[in-house]
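K.L.:
Questions regarding the structure given below will be posed in turn.
The values are calculated or read from the model by the stated rules, or taken from the named source; none is laboratory data. The model shown is predicted, which means the values in this text are computed figures rather than measured ones. Neighbour counts are summed over all protein chains in view; Cβ atoms, including those assigned to glycine, are modelled from backbone coordinates with ideal geometry.
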Amino acid sequence: MPGDHGGQERRYGRRPDRRGRPAGYGGPRANRPEHPEIRGARDADRLAAELRRMDGASYGRYKALAGDWDFGDFTLTVERVQADPFAPPSRIAVHVPAAVAGIPEHAWRSPVRRRATADHLLRCAHRELKGARLRIDAGGQEVIERAAGRVEEGALHLRMGIELPGRGRRIDARTAEHELCERLPSLVGALRWSALDTDAAVAFADTVEDTVALREQLPELGLVAFVGDGAVLPRRSGISDLPMQGEAVPFTAPQTLRATVRLPHRGEVSGLGVPEGITLIVGGGFHGKSTLLHALERGVYDHVPGDGRELVATRSDAVKIRAEEGRRVERTDVSAFVRNLPTGSDTADFSTDNASGSTSQAANIAEALEAGSRTLLVDEDTTATNLMIRDARMQALVHGDREPLTPFVDLVRPLHRLHGVSTVLVMGGSGDYFDVADQVIMLDGYRPYDVTAQARKLAADRTDADTAPPAHRVIAPESVDATARGRARIKRRDMDVLTFGETDIDVRHLTQLVDPGQIIGVGLAMRVLAEDGLLNGRPLAEALDILDRRLAEGGVTALGRGYSGDYALPRRFEVAAAVNRLRTLRVSRVGNP
Ligand code: ADP
Ligand code: MG
């Protein structure tokens, strides 16, 4: 590989090295070595010629392609070349200058429109590349900033993978030439603004901008979430994120909880406004409770036009809470929920390699608050019952000093009153939460009704438990280490496991990680936290603040550091959650700020 290519800090779009050498400089020679360097003008014709010369040669000769190629309209950079046909795909970057891309300023001026336009272009590229060996990461139903496509000052930067073709372990140059010298230029041509369906591109950005505006208005309206009238919440199946077709019952807000907001493009829209405080979602089994909560979980993200949830927005600090038996907990304060464990351990400074259902859920709550969340989303389907409720008969049988748990029902109100934490909770199996709920929404045949008044009539008095503000922990920086055998290693297995250095982190239950690229993004963010010393001597939440600022300024690629694969922007809450699940994690100090 030429010495100046593939470096960690290289920038895209650097013009190819041109020293006015005549075309064909360093051309065919007798006795050429196994992997001759390509010198001289590296343009598209030259790439085609080089490829043809490589046909049938040993696969390793592809390495000579590394570096920049000037296609006139765009620059191709071959960043990483796979060692053999079965290795992970090679990586290339494409830089299309503003004059060629032709993206009008209105489509990239604001950060929100820039993200949306880049995302839309990625989706177009993905469609164009159907059946090709070129692969581009275009995301699912959510619009999440990703490294595969960026728009900067009107220029378009794309990064993609390519499986360089082989016949056995020999180079199949004809196919490679087709992909790189025909497919790629035609892709760039198809992505020119003048070749696009520009109405669709503008509508895409408008939709995202509306959702962002909606989410930004929630705090001043005193709402934690909004679900627009007409929204389609159910999905096609348990394994598909696409909207349900045909039989879906569109959402209609109950009159008494209806809110109206003004959006920049759609104008006035109405829907359910979920107020701050404690909101209970009740209803019979299979009436759509979990579907609504799931939509709220995803409402921290913007959705593509046609998703059905474009007008579902949740405060960006919302975190889904669940039980997670078996997780590790490192020095977390769960004393609000748990006291007097049979082991005698100090629950204000609680560690375990194998949490129970209730202690894992208590830790998940404490850690979400520590990371800065003030909006909790809870579904009875995935909670530890003994942490949620304890009825009068159980209280009579198992007395206070024997039962180490304070149920969430006694904490949810003080959490709001003292610490400003709102909770949206699905609970179809117990009326205990009637005592503490500010509003109760019943789903009946997928239609929401405001049943707050009826529920109040059934409510009893309840004494609040004590709760201290969230504790803050300082992490021992050396316990967060991305290196394995001397090199950084960040990988993922499906949506379940993040491999970080030598350790596997179980991320399967972090349901607000919605995109495979975000899992890598979490790993890269952890690496930045560790490598840049952001964890040193300061509470985790402050380290996350610094990270957030860097990401707001530098965009998602501030995480890259020479990582050549695909990744997408994670939220701070999932970064914190992954740190907390790291089996090597050590906390050096615990306390209140
Ligand atoms: P619950 O949590 O109340 O038991 P779920 O939310 O799991 O119910 O929903 C039960 C089923 O109903 C799911 O298959 C879901 O896809 C479907 N469903 C949910 N909301 C709607 C809707 N608005 N229209 C049609 N089907 C829906
Ligand atoms: Mg359910």
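K.L.:
Please go through the range 210-236 and give me each residue that is within 22 Å of the chain's Cα centre (by Cα) and in a strand (DSSP E or B), ordered by number.
P.N.:
VAL224, ALA225, PHE226, VAL227, ARG235, ARG236
K.L.:
In addition: So which residues in the range 274-307 are among the β-branched types (Val, Ile, Thr) and within 13 Å of ligand 1 (Cβ to nearest atom)?
P.N.:
Matches in the range 274-307: ILE281, VAL282, THR291.
K.L.:
Within the range 323-341, does at least one residue satisfy the condition of being under 30 Å from ALA231 (Cα atoms) and either of a type in the set (Val, Ile, Thr) or modelled with pLDDT of 95 or more (or both)?
P.N.:
Checked against the condition, which is being under 30 Å from ALA231 (Cα atoms) and either of a type in the set (Val, Ile, Thr) or modelled with pLDDT of 95 or more (or both), the range 323-341 yields at least one hit.
K.L.:
Select from the range 413-436 the residues that are under 31 Å from the mean Cα position of the chain (by Cα) and assigned to a loop (DSSP other than H, G, I, E, B) and write down the one among them that is farthest from GLY222 (Cα to Cα).
P.N.:
Among residues in the range 413-436 that are under 31 Å from the mean Cα position of the chain (by Cα) and assigned to a loop (DSSP other than H, G, I, E, B), the one farthest from GLY222 (Cα to Cα) is GLY428.
K.L.:
Considering ARG328, ARG322, which residue is within 16 Å of ligand 2 (Cβ to nearest atom) and not hydrophobic (A, V, I, L, M, F, W, C)?
P.N.:
ARG322
K.L.:
Of all residues in the range 248-273 being closer than 18 Å to ASP438 by Cα and within 16 Å of ligand 1 (Cβ to nearest atom), which is surrounded by the fewest Cβ atoms within 10 Å (Cβ to Cβ)?
P.N.:
Result: PRO254.
K.L.:
Which of the residues that make up the range 166-209 are among the charged types (D, E, K, R) and assigned to a helix (DSSP H, G or I)?
P.N.:
Selection gives ARG174, GLU177, GLU179, GLU182, ARG183, ASP199, ASP206, GLU209.
K.L.:
Could you tell me which of the residues ALA93, ALA41 is closer than 28 Å to ALA190 by Cβ, at pLDDT 95 or above and not polar (S, T, N, Q)?
P.N.:
Selected residue: ALA93, the only one of ALA93, ALA41 that is closer than 28 Å to ALA190 by Cβ, at pLDDT 95 or above and not polar (S, T, N, Q).
K.L.:
Further question on the same structure: Suppose the filter is surrounded by fewer than 20 Cβ atoms within 10 Å (Cβ to Cβ), of a type in the set (A, V, I, L, M, F, W, C) and away from ligand 2 (no atom under 16 Å from the Cβ); does VAL421 pass it?
P.N.:
For VAL421, the condition - surrounded by fewer than 20 Cβ atoms within 10 Å (Cβ to Cβ), of a type in the set (A, V, I, L, M, F, W, C) and away from ligand 2 (no atom under 16 Å from the Cβ) - is not met.
K.L.:
Among the residues of the range 318-329, count how many are under 16 Å from GLY357 (Cα atoms) and either assigned to a strand (DSSP E or B) or not assigned by TED's automatic domain parsing to the domain that holds ARG236 (or both).
P.N.:
Matching residues across the range 318-329 total 3.
K.L.:
Step by step: first the residues of the range 504-552, then only those that are small (Gly, Ala, Ser) and farther than 15 Å from ASP481 by Cα, then the one that is surrounded by the fewest Cβ atoms within 10 Å (Cβ to Cβ). Which residue is that?
P.N.:
ALA552
K.L.:
Return yes or no: is ASP444 more than 31 Å from the chain's Cα centre (by Cα), surrounded by fewer than 22 Cβ atoms within 10 Å (Cβ to Cβ) and under 21 Å from PHE286 (Cα atoms)?
P.N.:
Taking the combined requirement at face value, the residue satisfies it.
K.L.:
How many residues are in contact with a helix residue (DSSP H, G or I) (Cβ under 9 Å, 6 or more places away or on another chain) and part of a helix (DSSP H, G or I) when one looks only at the range 361-381?
P.N.:
Residues in the range 361-381 being in contact with a helix residue (DSSP H, G or I) (Cβ under 9 Å, 6 or more places away or on another chain) and part of a helix (DSSP H, G or I): 11 in total.
K.L.:
Can you find a residue that is within 16 Å of ligand 2 (Cβ to nearest atom), under 20 Å from LEU233 (Cα atoms) and among the aromatic types (Phe, Trp, Tyr) anywhere in the range 429-446?
P.N.:
Taking every residue of the range 429-446 in turn, at least one turns out to be within 16 Å of ligand 2 (Cβ to nearest atom), under 20 Å from LEU233 (Cα atoms) and among the aromatic types (Phe, Trp, Tyr).
K.L.:
Among the residues in the range 560-578, are any touching a His at 6+ places or on another chain (Cβ under 8 Å) and among the β-branched types (Val, Ile, Thr)?
P.N.:
no
K.L.:
Please give the strands (runs of 3 or more DSSP E) falling wholly within the range 67-164 in which 1 or more residues are acidic (Asp, Glu) and not assigned by TED's automatic domain parsing to the domain that holds GLY306.
P.N.:
Correct list: 67-70, 75-80, 149-152.
K.L.:
How many residues, within the range 223-247, are more than 10 Å from ligand 1 (Cβ to nearest atom), loosely packed, with under 13 Cβ neighbours inside 10 Å and not polar (S, T, N, Q)?
P.N.:
Final tally of qualifying residues: 1.
K.L.:
Something else about it: Would the range 397-405 turn up any residue that is more than 27 Å from LEU540 (Cα to Cα), assigned by TED's automatic domain parsing to the domain that holds THR314 and not in a loop (DSSP other than H, G, I, E, B)?
P.N.:
Yes, because at least one residue in the range 397-405 is more than 27 Å from LEU540 (Cα to Cα), assigned by TED's automatic domain parsing to the domain that holds THR314 and not in a loop (DSSP other than H, G, I, E, B).
K.L.:
Another one. Go through the range 237-317 and tell me which strands (runs of 3 or more DSSP E), entirely inside it, have 3 or more residues that are within 16 Å of ligand 2 (Cβ to nearest atom).
P.N.:
Because the criterion is at least 3 residues that are within 16 Å of ligand 2 (Cβ to nearest atom), the strands (runs of 3 or more DSSP E) in the range 237-317 that meet it are 278-282.
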